[in-house]
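Notes for the one structure printed next.
The values are calculated or read from the model by the stated rules, or taken from the named source; none is laboratory data. Note that the structure is a prediction, hence the values are computed from the model and not measured. Here Cβ is always computed from backbone atoms with ideal geometry, including for glycine, and neighbour counts include all displayed protein chains.
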Protein chains: 4
Amino acid sequence: MGIELVELTPDRVVATMHVEGNTQPYGLLHGGASVVLAETIGSVAASINAGPGRFAVGTDINATHHRSVTQGTVTGVATPLHRGLTMGSYEVAIVDNGDRCICTARIACALIERDPGPTRQA
Amino acid sequence: MGIELVELTPDRVVATMHVEGNTQPYGLLHGGASVVLAETIGSVAASINAGPGRFAVGTDINATHHRSVTQGTVTGVATPLHRGLTMGSYEVAIVDNGDRCICTARIACALIERDPGPTRQA
Amino acid sequence: MGIELVELTPDRVVATMHVEGNTQPYGLLHGGASVVLAETIGSVAASINAGPGRFAVGTDINATHHRSVTQGTVTGVATPLHRGLTMGSYEVAIVDNGDRCICTARIACALIERDPGPTRQA
Amino acid sequence: MGIELVELTPDRVVATMHVEGNTQPYGLLHGGASVVLAETIGSVAASINAGPGRFAVGTDINATHHRSVTQGTVTGVATPLHRGLTMGSYEVAIVDNGDRCICTARIACALIERDPGPTRQA
């Protein structure tokens with residue numbers, strides 16, 4: 001999909017994606033591509049914040065598509081809404097080259113211990 | 001439910017709600033109450049922005065509950081994500097007395113002409 | 001809100017709610033009322049399936065409002081989509097008196113142990 | 001992404017997708033891939049039902065990931081929840097080779113006239 005991470009901190013994960021190559025038949029950016037971008041950077045943000053003993057698994061995602069975009073690059077920014085011990089949630093805003101918001105998404109992640117006992121599987 | 005509007009502009013709608021009287025059996029604020037607050041102020045914000053010839057109808061809503069709250073007052077703030085001609089979407093953040101975010105929601109509204117023709121009903 | 005439980009099994013939770021008393025200013029059933037109904041029966045279903053050592057807390061909810069309704073009673077039916085050890089998710093369909101679907105919702109619940117250790121709080 | 005449509009009727013759209021080639025770094029099917037599948041078949045279903053004078057644009061999508069999957073093929077099935085004149089919404093269930101539900105999604109689409117007048121743009 002050509003997603004490129006350009007900033008990677010616990011408070012902010014940013015990535016870019018080219019519109020070209022990720023379009024649906026009408027030539028618009030595929031809504032699903034926006035969601036892949038959102039789920040990717042939201043999960044990365046959750047993993048960074050999960051700490052060394054846990055990993056993050058996306059459980060719920062939602063997205064509202066505000067505008068279509070036909071060319072250029074889009075940029076997604078993930079920021080934390082809540083950083084808990086077993087759950088984390090992140091907001092993702094995706095803008096086009098003209099800095100217009102094309103999609104807003106939110107992802108909830110479960111934080112799983114790396115060596116879960118028998119009662120810890122989701 | 002005791003929702004009280006305290007700020008009402010196109011760019012920001014704010015309302016408060018008491019936790020007491022809106023709890024589920026464990027004594028926590030009912031998640032549904034947070035969503036009623038979110039849907040109320042999101043719809044009000046959409047209606048203000050719809051202009052005189054249209055009204056707003058909520059079509060999609062989602063909410064992530066971050067923390068529980070057992071007492072006091074919660075405050076919801078709705079801000080626009082996108083103000084289109086036929087659709088509008090609004091972000092809602094709900095905080096408790098300690099300014100901790102307890103819920104994040106997003107609502108999409110269809111903007112309907114007040115006298116729709118036969119092909120305009122949703 | 002006048003929500004009345006009429007069926008309560010692990011595989012299906014049903015409740016009714018009167019439209020009257022739960023309307024927004026235009027006289028339509030408030031979208032938030034549908035979500036309260038959904039979150040209530042979804043949480044009840046999750047609690048029934050959580051077993052004696054755990055309780056369910058709603059973490060994510062979403063709803064799509066398909067039609068407006070102005071009178072009568074609506075009926076919500078919650079059925080399980082997934083019953084895991086730490087998460088459960090439930091589908092809720094709400095129909096009006098004429099059995100037309102007015103709202104579809106989905107709720108995800110975290111299942112919390114009743115006496116969580118220090119690393120188990122959400 | 002290797003999405004293959006295998007059934008295409010107004011009441012049901014089915015497609016398959018290989019897990020291999022659509023995984024995240026841990027070797028699990030990428031949650032975003034499930035959402036692309038959901039958004040694709042939901043949009044196709046909405047387009048089929050939109051009729052010749054309109055096209056469908058996805059506006060809201062949400063997904064709950066129930067289980068992980070590491071190999072084989074997943075199958076998505078989109079069915080209509082509501083077919084209105086200006087909005088349509090579709091449920092998508094995605095199952096793995098063992099017919100276990102791995103993801104449930106819902107998509108809302110705006111139905112746009114092919115030659116919209118000046119007040120019809122979203």
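Quick look at the values:
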item	result
Residue check, A:N97 away from chain D (no Cβ under 13 Å), in contact with a Lys or Arg (Cβ under 8 Å, 6 or more places away or on another chain) and not in a strand (DSSP E or B)	no
Boolean, B:I61 is modelled with pLDDT of 95 or more, under 14 Å from the mean Cα position of the chain (by Cα) and either more than 27 Å from D:M87 (Cα to Cα) or of a type in the set (K, R) (or both)	no
So A:R106, is it at the interface with chain D (Cβ under 10 Å from one of its Cβ atoms) and either of a type in the set (F, W, Y) or surrounded by 24 or more Cβ atoms within 10 Å (Cβ to Cβ) (or both)	yes
Out of B:V92, B:V19, B:V57, sole residue that is in contact with a Leu (Cβ under 6 Å, 6 or more places away or on another chain) and under 21 Å from C:E39 (Cα atoms)	B:V19
Search result, residues across region A:59-94 that are of a type in the set (S, T, Y), in a strand (DSSP E or B) and surrounded by fewer than 22 Cβ atoms within 10 Å (Cβ to Cβ)	A:T73, A:T75, A:T79
Residue satisfying all of: in region C:34-58; within 13 Å of the chain's Cα centre (by Cα) and part of a strand (DSSP E or B); surrounded by the most Cβ atoms within 10 Å (Cβ to Cβ) among these	C:G58
Where D:I48 falls short, out of the listed (1) under 30 Å from C:L85 (Cα atoms); (2) within 14 Å of chain A (Cβ to nearest Cβ); (3) among the hydrophobic types (A, V, I, L, M, F, W, C)	(1)
Extreme residue, nearest to the other protein chains (Cβ to nearest Cβ), among residues of region A:1-34 that are in contact with an Asp or Glu (Cβ under 7 Å, 6 or more places away or on another chain) and at pLDDT 95 or above	A:A15
Yes/no for A:T59 being in contact with a Ser or Thr (Cβ under 8 Å, 6 or more places away or on another chain), in contact (Cβ under 8 Å) with a residue 40 or more places away in the chain and either away from every other protein chain (no Cβ under 12 Å) or of a type in the set (S, T, Y) (or both)	yes
So C:A45, is it in contact with a Phe, Trp or Tyr (Cβ under 6 Å, 6 or more places away or on another chain) and of a type in the set (A, V, I, L, M)	yes
Any hit, region C:41-48, residues being at pLDDT 95 or above, closer than 24 Å to B:A108 by Cα and either out of contact with any strand residue (DSSP E or B) (no Cβ under 6 Å at 6 or more places or on another chain) or hydrophobic (A, V, I, L, M, F, W, C) (or both)	yes
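Conditions tested, residue by residue: (1) at pLDDT below 95; (2) at negative phi; (3) touching a helix residue (DSSP H, G or I) at 6+ places or on another chain (Cβ under 6 Å).
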{"residue": "A:V92", "(1), (2), (3)": "no, yes, yes"}
{"residue": "A:C101", "(1), (2), (3)": "no, yes, no"}
{"residue": "A:D115", "(1), (2), (3)": "yes, yes, no"}
{"residue": "A:Q121", "(1), (2), (3)": "yes, yes, no"}
